[in-house]
Amino acid sequence: MVLVCKTGGAGDDEQWKAELRRLMPELEIRDWPDIGDPADVEFVLLFASAPGLFDGMTGLRAVLSAGAGVDGFVGDLPQGVPAARLVDPWMQTAMAAWIVHAVLHFSRNMPAYADQQARGVWREQFEAHFEPRRVGILGCGEIGRRTGSLLADLGFRVTGWTRTARDLAPLENLHGAAGLDELLGESEFLVCLLPLTPETEGLLDAGRLARLPEGAFFINASRGRIVVQQDLVAALDSGRLGGAWLDVTDPEPLPPGDPLWRRPDVWITPHVAGVTNPVTGAALVAENIRRARAGEPLTHPVDRNRGY
Ligand code: NAP
Ligand code: GLV
């Protein structure tokens, strides 16, 4: 039973291999691109594709993602071969914690207090909000629901935007194009957790950012290309946005000279909000390998037509 490992960008390769070998000693793991005869390969574990990666893999049973997002390879999937996302509660908690931190940073005026501290100023910023503050989560799937429920526990009123209508209780739900306009109009904090697909690429452009309440905050933890970066900068310049926290940018890494680095209203982390944990991830991958070999459906299958 041969698995090709190409997890770069989603966990340490050596740790992935050690965990998989511990769980499945019968698995022969080959590193991309030294894969020997591609006809031997039954499984590919990857985060991003490469030209010709799947060529000659005539015995391929399943493609398994080393991350939650599959935009790095979904366009290259061979016809008829099932693929699965990594849906790991460990990662969901890490993502949710990062997003809650970012929302609280802005909602509790931390940028202003940091500035005051630098100048030795003791002065209350306006803190009292007697109505729940509104958070909109674009893409309210596995990670969005976990994040939303933590924010709801902290007193925020949370609405999740989805492609199809969903019961997200206790969160509210909006979906589709009309739902997006409504969500943008009410979101003091806009969190992006959408997968990158042909439908979501460039979704947040100048027109849509202009629908946000004046001074709203934008938090992106999914993919940089969902927002038109120059429109984001213009929205910050105009004051439409009061600040942004970006774990993802376009491109990555963000070039050293990019003006986003030097903005006092932008916080940047280098795509670390929810790094893959190979220890918890390997158990989930091993279960899908078992399922594929038993002819059972994979957990969390990728729908190549939707792109996620
Ligand atoms: P998921 O469970 O597949 O959820 C995706 C959500 O997006 C679903 O609610 C889906 O709607 C919605 N959606 C997709 N296309 C849409 C569209 N065109 N219009 C409106 N809603 C749409 O994904 P997840 O596990 O939560 O992960 C989300 C993303 O987070 C990943 O794709 C990845 O890019 C990113 N991520 C980043 C990091 C990091 O470290 N920064 C780590 C992990 C994940 P339906 O419910 O109707 O299907
Ligand atoms: C990270 O970005 C992931 O999709 O897991």
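The values are calculated or read from the model by the stated rules, or taken from the named source; none is laboratory data. Just so it is clear, the structure is predicted and the values come from calculations on it, not from any experiment. Counting neighbours? That spans all protein chains shown, and the Cβs are built from the backbone with ideal geometry, glycine included. The accessibility values were calculated without ligands, DNA or RNA, using every heavy atom of the protein model including side chains. Shrake-Rupley method; radii C 1.70, N 1.55, O 1.52, S 1.80 Å.
Looking across segment 123-156, the residues that are free of Cβ contacts under 8 Å to residues at least 40 places away in the same chain and within 14 Å of ligand 1 (Cβ to nearest atom) come down to R145, G148, S149.
Taking segment 1-60 as the range and being among the acidic types (D, E), surrounded by fewer than 18 Cβ atoms within 10 Å (Cβ to Cβ) and farther than 16 Å from D76 by Cβ as the test, the residues that pass are D12, E14, E26, E28, D31, D34, D37, D40. Scanning segment 195-230 for residues that are within 16 Å of ligand 2 (Cβ to nearest atom) and not in a loop (DSSP other than H, G, I, E, B) yields I219, N220, G224, R225, I226, V227. Open to solvent by 10 Å² or more (accessible area, probe 1.4 Å), touching a Leu at 6+ places or on another chain (Cβ under 9 Å) and over 22 Å from E182 (Cα atoms), is that true of R263? Here the answer is yes, as R263 does meet what is asked. V70 fulfils the conditions (1) open to solvent by less than 70 Å² (accessible area, probe 1.4 Å); (2) out of contact with any strand residue (DSSP E or B) (no Cβ under 8 Å at 6 or more places or on another chain); (3) touching a residue at least 40 places away in the same chain (Cβ under 8 Å); (4) not basic (K, R) except for a single criterion, (2).
Taking G69, is it within 16 Å of ligand 1 (Cβ to nearest atom) and part of a loop (DSSP other than H, G, I, E, B)? The answer is yes for G69. Taking helices (runs of 4 or more DSSP H) as the structural unit, those lying wholly within segment 76-171 and holding at least 3 residues that are closer than 23 Å to P264 by Cβ correspond to 89-107, 110-118.
Looking only at residues in segment 240-260 that are open to solvent by 30 Å² or more (accessible area, probe 1.4 Å) and more than 16 Å from ligand 2 (Cβ to nearest atom), the one that is nearest to F189 (Cα to Cα) is G242. Taking the criterion of being part of a loop (DSSP other than H, G, I, E, B) and either touching a residue at least 60 places away in the same chain (Cβ under 8 Å) or within 13 Å of ligand 1 (Cβ to nearest atom) (or both), the residues of segment 263-283 that qualify are P264, D265, T269, P270, H271, V272, A273, G274, V275, T276, N277. The sole residue among L254, L260, L236, L298 that is within 28 Å of R108 (Cβ to Cβ), in contact with a strand residue (DSSP E or B) (Cβ under 9 Å, 6 or more places away or on another chain), part of a loop (DSSP other than H, G, I, E, B) and not basic (K, R) is L254. Selection over segment 79-109 of residues that are open to solvent by 30 Å² or more (accessible area, probe 1.4 Å) and either within 12 Å of ligand 2 (Cβ to nearest atom) or in contact with a strand residue (DSSP E or B) (Cβ under 8 Å, 6 or more places away or on another chain) (or both) gives a count of 5. Of the residues examined, G239 is one that is on the phi > 0 side of the Ramachandran plot and assigned by TED's automatic domain parsing to the domain that holds R208.
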